[in-house]
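Got a structure for you, written out below as structure tokens; questions coming shortly.
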Amino acid sequence: MSTTSPTRTGPVSPADGESAQPALLYSEEEEALRAAVRDLLTDHCDAARVISRTESDTPHDLSLWKALADGMGLAGLLVPEDRGGQGATHREAAVVLEELGRAVAPVPYLTSAVVATDALLACADGGEVLASLASARRIGALAVPLHTAPDAPFPVARAADGALHGELAGIADADAADVLLVPADDGGLYAVEADAAGVTVTRQTSLDLTRPLARVVLDGAPGQRVGAAGPAVRRALSTGAGLLASEQLGLAEWSLTETVRYLKDRRQFNRPVGGFQALKHRLAQLWLEVVSLRAAARNAAAALSAGAAAAGEGADAAVAVAVAQAYAGQVAVHAAEEALQLHGGIGMTWEHPVHLYLKRAKADSIAYGTAGAHREALAELVDLRAP
């Protein structure tokens, strides 16, 4: 007679005699965090406000950032309590990013609270800078081009006589940063004050208006060495790529939800547009893609959490990140494209927010490595290289 094992609600312990499997369902605490973040964004990050800000000279909403990072303590989620943070995991940070993706919120959460913070967590001498980011007193940015994949080479500044020289382009959220983490040719990672002498940050034209890029020019800029650049940058880019999938999930979920709502309300030939069979099929296919993306994104967040708990990323986390990013970009872009088309092209107008989601989806699809780069990395990791 066959028996059925009980349903597991948490990670499987290796003591059970099985390989550990991540729990992909959201916990009660994660759902409570989601509700709190969504409520705040509903009140302070509506579409009209985001569109208005992208037309201004200050695309970053620093008042919203203060409410999220300082008021709710979200800037230090990934930082241990003994280092001035909240002591949470990548799973909680992933939930926050889902909600920020749903709102295309113009805040430097991914770049400061995730990427820059994770780089500092890998450094021995960055405690003071890390604490300032965790407390939201300062905003940080890793001075590596946004398109750089975790295993790809990255440009470095030249270190000479205790100062840094060089030009680094495509740095996300650099114009909002108070401190830049700059890799140098001597193998070190340096914390550079953004307003220091010899530092010039110039905003570049970017597709995604809610996450602007900038060029950083260093001309004899002073910097504090905080650790080794290689492992810190690799760790930060891997974490950024893994949690970016959660942002892409939130973006795709908004696109699907709003499109379904619109097609229920929009009427043609005296019936809801959503009642037409062809559109039902398109939405059903999109729903399947979004559900699959949710599983991949949650798996990446869980694997990163497990790797951090084990004091190292590990092969499982690298595989999970590569799988998530090999899939996430195309789903987010497809969801935003379907939203624009099924809204009757209204998203082509500046007044409707769909164009913001499509631009963010397109920009995210090459952030921290393209899908092709992650597929190549995955092939190496699982030893399935092309002949």
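The values are calculated or read from the model by the stated rules, or taken from the named source; none is laboratory data. Bear in mind the structure is a predicted one, so any value in this text is a computation, not a measurement. Methodologically, a virtual Cβ is constructed for each residue, glycine included, from the backbone with ideal geometry; neighbour enumeration extends over all protein chains shown. What goes into the accessible areas is simple: the full protein's heavy atoms, side chains included, and nothing from ligands, DNA or RNA. Shrake-Rupley method; radii C 1.70, N 1.55, O 1.52, S 1.80 Å.
What single numbered condition from (1) over 20 Å from Ala326 (Cβ atoms); (2) without any contact (Cβ under 8 Å) to a residue 40 or more places away in the chain; (3) over 23 Å from the mean Cα position of the chain (by Cα) fails to hold for Gly344?
Status for Gly344: all satisfied but (2).
Restricted to the stretch 87-106, and to residues that are open to solvent by 10 Å² or more (accessible area, probe 1.4 Å), touching a residue at least 40 places away in the same chain (Cβ under 8 Å) and not in a helix (DSSP H, G or I), which residue is farthest from Val182 (Cα to Cα)?
Ala103
When only residues in the stretch 360-387 that are of a type in the set (D, E, K, R) and either closer than 20 Å to Arg234 by Cβ or in contact (Cβ under 8 Å) with a residue 60 or more places away in the chain (or both) count, which is most open to solvent (accessible area, probe 1.4 Å)? So that I can check it myself, show each step before the final result.
Filtering the stretch 360-387 down to residues of a type in the set (D, E, K, R) leaves 360, 362, 364, 375-376, 380, 383, 385.
Narrowing the set further to residues that are either closer than 20 Å to Arg234 by Cβ or in contact (Cβ under 8 Å) with a residue 60 or more places away in the chain (or both) leaves 360, 362, 364, 375-376, 380.
Working: Arg360: 4, Lys362: 87, Asp364: 3, Arg375: 116, Glu376: 132, Glu380: 107 Å².
Of everything passing the filter in the stretch 360-387, Glu376 is most open to solvent (accessible area, probe 1.4 Å).
Here is a yes/no grid of residues against (1) at pLDDT below 95; (2) within 21 Å of Val233 (Cβ to Cβ):
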site	(1), (2)
Gly85	yes, yes
Ala93	no, yes
Gly101	no, no
Asp118	no, yes
Gly127	yes, yes
Ala159	no, yes
Leu164	no, yes
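Could I ask something else about it? Only one of (1) more than 27 Å from Thr89 (Cα to Cα); (2) assigned to a helix (DSSP H, G or I); (3) touching a helix residue (DSSP H, G or I) at 6+ places or on another chain (Cβ under 7 Å) is not met by Glu376, so which one is it?
(3)
Quick one: what pairs do we get from the stretch 26-49, first residue in contact (Cβ under 8 Å) with a residue 40 or more places away in the chain, second among the small types (Gly, Ala, Ser), C-beta under 7 Å, 6+ apart or different chains?
Leu41/Ala103; Leu41/Ala105; Cys45/Ala103; Cys45/Ala105
Also, quick follow-up: How many residues are open to solvent by 10 Å² or more (accessible area, probe 1.4 Å), touching a strand residue (DSSP E or B) at 6+ places or on another chain (Cβ under 8 Å) and over 16 Å from Phe154 (Cβ atoms) if we restrict to the stretch 206-217? Reasoning before the result, please.
Kept after step one, since they are open to solvent by 10 Å² or more (accessible area, probe 1.4 Å), are these residues of the stretch 206-217: 206-207, 209, 211, 213, 215, 217.
Next, from what is left, pick out any that are touching a strand residue (DSSP E or B) at 6+ places or on another chain (Cβ under 8 Å): 206, 211, 213, 215, 217.
Retained after the next criterion (residues that are over 16 Å from Phe154 (Cβ atoms)): 206, 211, 217.
Number satisfying all stated conditions: 3.
Answer yes or no as to whether Ala221 is within 19 Å of the chain's Cα centre (by Cα), among the hydrophobic types (A, V, I, L, M, F, W, C) and crowded, with 22+ Cβ neighbours inside 10 Å.
So Ala221 does not fit the description; no.
Restricting attention to the stretch 112-160, report how many residues are outside any loop (DSSP other than H, G, I, E, B) and under 20 Å from Glu247 (Cα atoms).
Of all residues in the stretch 112-160, those outside any loop (DSSP other than H, G, I, E, B) come to 112-121, 127-134, 140-142, 157-160.
Adding the requirement that they be under 20 Å from Glu247 (Cα atoms) leaves 112-119, 140-142.
The total comes to 11.
If the Cβ limit is 7 Å and pairs must be 6+ apart or interchain, which residue in the stretch 180-202 that is farther than 21 Å from Ser112 by Cβ and of a type in the set (Asp, Glu) pairs with which residue that is open to solvent by 10 Å² or more (accessible area, probe 1.4 Å) and modelled with pLDDT of 95 or more?
Asp185/Val156; Asp185/Arg158; Asp185/Ala159; Asp186/Ala159
I would also like to ask the following. Taking Val323 as the residue in question, decide whether it is out of contact with any strand residue (DSSP E or B) (no Cβ under 9 Å at 6 or more places or on another chain), at pLDDT 90 or above, surrounded by 19 or more Cβ atoms within 10 Å (Cβ to Cβ) and β-branched (Val, Ile, Thr).
Numbers: out of contact with any strand residue (DSSP E or B) (no Cβ under 9 Å at 6 or more places or on another chain): yes; at pLDDT 90 or above: yes; surrounded by 19 or more Cβ atoms within 10 Å (Cβ to Cβ): yes; β-branched (Val, Ile, Thr): yes.
Answer is yes for this residue.
Within the stretch 203-218, how many residues turn out to be of a type in the set (S, T, N, Q) and touching a residue at least 60 places away in the same chain (Cβ under 8 Å)?
First, the residues of the stretch 203-218 that are of a type in the set (S, T, N, Q): 204-206, 210.
Remaining after also requiring touching a residue at least 60 places away in the same chain (Cβ under 8 Å): 206, 210.
Number satisfying all stated conditions: 2.
Condition (residue is out of contact with any Asp or Glu (no Cβ under 8 Å at 6 or more places or on another chain), at pLDDT 75 or above, among the acidic types (Asp, Glu) and more than 21 Å from Val115 (Cα to Cα)) applied to the stretch 286-294: is it met by at least one residue?
Yes; the residues of the stretch 286-294 include at least one that is out of contact with any Asp or Glu (no Cβ under 8 Å at 6 or more places or on another chain), at pLDDT 75 or above, among the acidic types (Asp, Glu) and more than 21 Å from Val115 (Cα to Cα).
Residues being over 22 Å from the mean Cα position of the chain (by Cα), crowded, with 16+ Cβ neighbours inside 10 Å and more than 24 Å from Ala363 (Cβ to Cβ): count how many of those fall in the stretch 169-197. Spell out how you get there, then give the answer.
The first filter runs over the stretch 169-197 and keeps only residues over 22 Å from the mean Cα position of the chain (by Cα), leaving 184-188, 190, 192-197.
Restricting the remaining residues to those that are crowded, with 16+ Cβ neighbours inside 10 Å gives 184, 188, 190, 192-194.
Next, only the ones that are more than 24 Å from Ala363 (Cβ to Cβ) stay: 184, 188, 190, 192-193.
Residues meeting the conditions: 5.
Modelled with pLDDT of 95 or more, crowded, with 24+ Cβ neighbours inside 10 Å and over 25 Å from the mean Cα position of the chain (by Cα): is that true of Leu237 in this structure? So that I can check it myself, show each step before the final result.
On the way: modelled with pLDDT of 95 or more: yes; crowded, with 24+ Cβ neighbours inside 10 Å: yes; over 25 Å from the mean Cα position of the chain (by Cα): no.
The answer is no for Leu237.
Another question, if that's okay. Take the stretch 39-83 and flag every residue that is open to solvent by 20 Å² or more (accessible area, probe 1.4 Å) and charged (D, E, K, R).
Asp39, Asp43, Asp46, Arg49, Arg53, Glu55, Asp57, Lys66, Asp70, Glu81, Asp82, Arg83
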